[in-house]
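Heads up, the thing below is written out as structure tokens.
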Amino acid sequence: MIMMSSRQRISGLLSPSGPQRALIISSFVSRVGNGLFNTAAVLYFTLVVHLPAARVGVGLTIAGLVGLLAGIPAGNLADRYGPRTVWLTSVAMQAATMAAFVFIHDWFTFTLIATLDRLAATAGGAAGGALVARAGGERPAAFRAKLRTFVNLGVVLGTLGAAFAVSVDTRTAYTVLILANAASFACAGLVALAGVPNYPPLPRPEEHHRAAVLSDRPFVSFVALYGAMGLQYQTVSLLLPIWLSAHTDAPRWTVAAVYAVNSGVCVLLQSRIGSRVETPRQGGRAFRLAGLCFLVSCPLMALTADVPVWIAPGLAVLAVVVHSLGEVWESSGGFALAFGLAPDHAQGQYQGFFGVGFSAGQALAPVVLTTAVLGLGHAGWLLLGLFFAALGAAGPPVAAWAERTRRSDPDTAGATEDRPDGAPSGASGLQGSAAPGEGRVRRPRGSR
């Protein structure tokens with residue numbers, strides 16, 4: 001019965017046909033490849049290529065910062081020439097840069113290839129967002145949720161597959177992972193080429209300009225809000241594991257358990273919750289719910305240092321369940337606002353800026369979390385929860401502000417209205433990088 005229920009659920013998730021199904025399959029394939037490579041990336045660069053860990057970190061940071069520059073320009077290209085062409089070009093470039101990693105022997109070459117990879121990933125995020133917005137159909141929020149579910153599932157499966165190569169720990173094993181990731185980009189591109197139409201660019205009003213998003217103050221405020229809330233991703237992937245290792249006697253398997261629980265909750269609940277968050281107003285309320293969940297989860301994580309060792313794992317899992325529920329609300333609300341507030345003719349530009357804001361927040365997250373939170377101990381965890389709750393509380397006012405401006409601004413007036421095809425203009429997000437898009441993607445920090 002359980003197997004039948006699981007099969008029925010997967011079948012239901014894959015029920016979309018045509019472009020939506022192609023984009024779901026394409027995204028899933030590329031994320032399996034990401035999971036394969038990202039699990040062992042740092043080990044490959046340090047143990048096989050023999051680059052110092054500190055220099056790897058510097059190279060990834062440079063790549064990540066330079067990669068941000070591609071967001072808005074690539075989005076403008078997608079709006080002007082059509083999103084599929086730009087997205088396929090970026091995917092092809094990522095396949096090439098990933099394959100090139102097997103030939104690196106020095107830090108300069110590593111940094112150059114990593115930078116090209118990040119530029120392509122950021123461009124893919126902008127064009128991919130515009131592409132999915134055009135394929136949104138009559139229920140764009142449901143499509144977005146299904147897409148994000150398979151993004152998460154793909155990363156989980158890829159991570160599990162990489163465990164074997166990591167245990168073998170040979171250059172050949174790591175090379176296979178890298179080439180498999182390169183192949184996943186190529187396969188994803190072929191699936192989209194065969195199944196996704198080459199949507200033509202939409203007419204733009206005369207008032208539109210290449211940096212229109214930067215003058216959209218409500219949207220800029222929302223991106224800043226979402227970038228700051230994005231610290232929650234690394235609360236589970238970075239901060240909690242350090243806390244469990246340094247401040248508790250919990251078994252080491254607890255770290256693996258919280259990763260599994262986080263991924264499992266997101267996969268199971270994303271479609272159920274995300275499909276109901278369709279409008280910017282609903283997105284603002286979802287953002288507030290997310291902040292309240294994080295307000296509860298952060299103190300629970302801190303308390304793992306104050307309970308007996310046999311209770312700490314269970315408390316950590318409970319905290320991560322609550323936190324993961326908040327993550328689902330946060331991502332659903334974030335994408336409802338990001339795509340619902342963007343005008344149809346400028347989805348690429350807006351999603352490019354959205355990805356830049358998210359990636360910038362992720363780049364700052366390790367410094368903020370390890371210094372501010374770990375440095376203050378329990379008080380730091382409480383302040384972090386209050387910080388997330390305050391950000392969440394700002395969601396509804398920002399959404400209401402943005403909707404008011406769209407009724408008066410001719411360049412964005414259609415952003416929250418119904419389109420002729422019955423789908424709201426903000427559909428969903430396919431991110432070709434670690435940008436949200438994408439869905440939540442566990443990439444090495446310094447990559448998106």
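What residue, of 338, 365, 305, is at pLDDT below 85 and within 24 Å of residue 263 (Cα to Cα)?
Details: 338 fails: at pLDDT below 85; 305 fails: at pLDDT below 85.
Going through 338, 365, 305 in turn, just one is at pLDDT below 85 and within 24 Å of residue 263 (Cα to Cα): 365.
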- Tell me, which residue of the range 116-149 that is open to solvent by 20 Å² or more (accessible area, probe 1.4 Å) and touching a Ser or Thr at 6+ places or on another chain (Cβ under 9 Å) is farthest from residue 340 (Cα to Cα)? 116
- Message: Looking for something under 30 Å from residue 350 (Cβ atoms), in contact (Cβ under 8 Å) with a residue 40 or more places away in the chain and open to solvent by less than 10 Å² (accessible area, probe 1.4 Å) - is there at least one such residue anywhere in the range 247-254?
- Response: no
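Go through the range 130-146 and count every residue that is in a helix (DSSP H, G or I) and out of contact with any Asp or Glu (no Cβ under 8 Å at 6 or more places or on another chain). Talk me through it step by step, then tell me what you get.
So the first thing to find is which residues in the range 130-146 are in a helix (DSSP H, G or I), and the list is 130-134, 140-146.
Now drop any that are not out of contact with any Asp or Glu (no Cβ under 8 Å at 6 or more places or on another chain), which leaves 131-132, 134, 142-146.
Going through the range 130-146 one residue at a time, the tally reaches 8.
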- Inspect the range 143-157 for any residue being without any contact (Cβ under 8 Å) to a residue 60 or more places away in the chain, closer than 24 Å to residue 237 by Cβ and not small (Gly, Ala, Ser) and give the result as yes or no. no
- Task: Report, by residue number, each residue of the range 164-193 that is β-branched (Val, Ile, Thr), touching a helix residue (DSSP H, G or I) at 6+ places or on another chain (Cβ under 8 Å) and farther than 23 Å from residue 20 by Cα.
- Result: 166, 175, 176, 178
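If I go through the range 45-60 residue by residue, how many of them are within 17 Å of residue 98 (Cα to Cα) and surrounded by fewer than 24 Cβ atoms within 10 Å (Cβ to Cβ)?
Within the range 45-60, the first condition is being within 17 Å of residue 98 (Cα to Cα), and the residues that meet it are 45-46, 48-49, 56, 59-60.
Imposing the further condition that a residue be surrounded by fewer than 24 Cβ atoms within 10 Å (Cβ to Cβ) reduces the set to 46, 48-49, 56, 59.
Qualifying residue count, the range 45-60: 5.
Could you pull out the residue among 202, 214 that is more than 19 Å from the chain's Cα centre (by Cα) and surrounded by 14 or more Cβ atoms within 10 Å (Cβ to Cβ)? Give the derivation first.
Numbers: 214 fails: surrounded by 14 or more Cβ atoms within 10 Å (Cβ to Cβ).
Residue meeting the stated conditions: 202.
The values are calculated or read from the model by the stated rules, or taken from the named source; none is laboratory data. The model shown is predicted, which means the values in this text are computed figures rather than measured ones. So basically every Cβ, Gly included, is an ideal-geometry build from the backbone, and we count neighbours across all protein chains shown. For accessibility, only protein heavy atoms count, side chains too; no ligands or nucleic acids. Shrake-Rupley method; radii C 1.70, N 1.55, O 1.52, S 1.80 Å.
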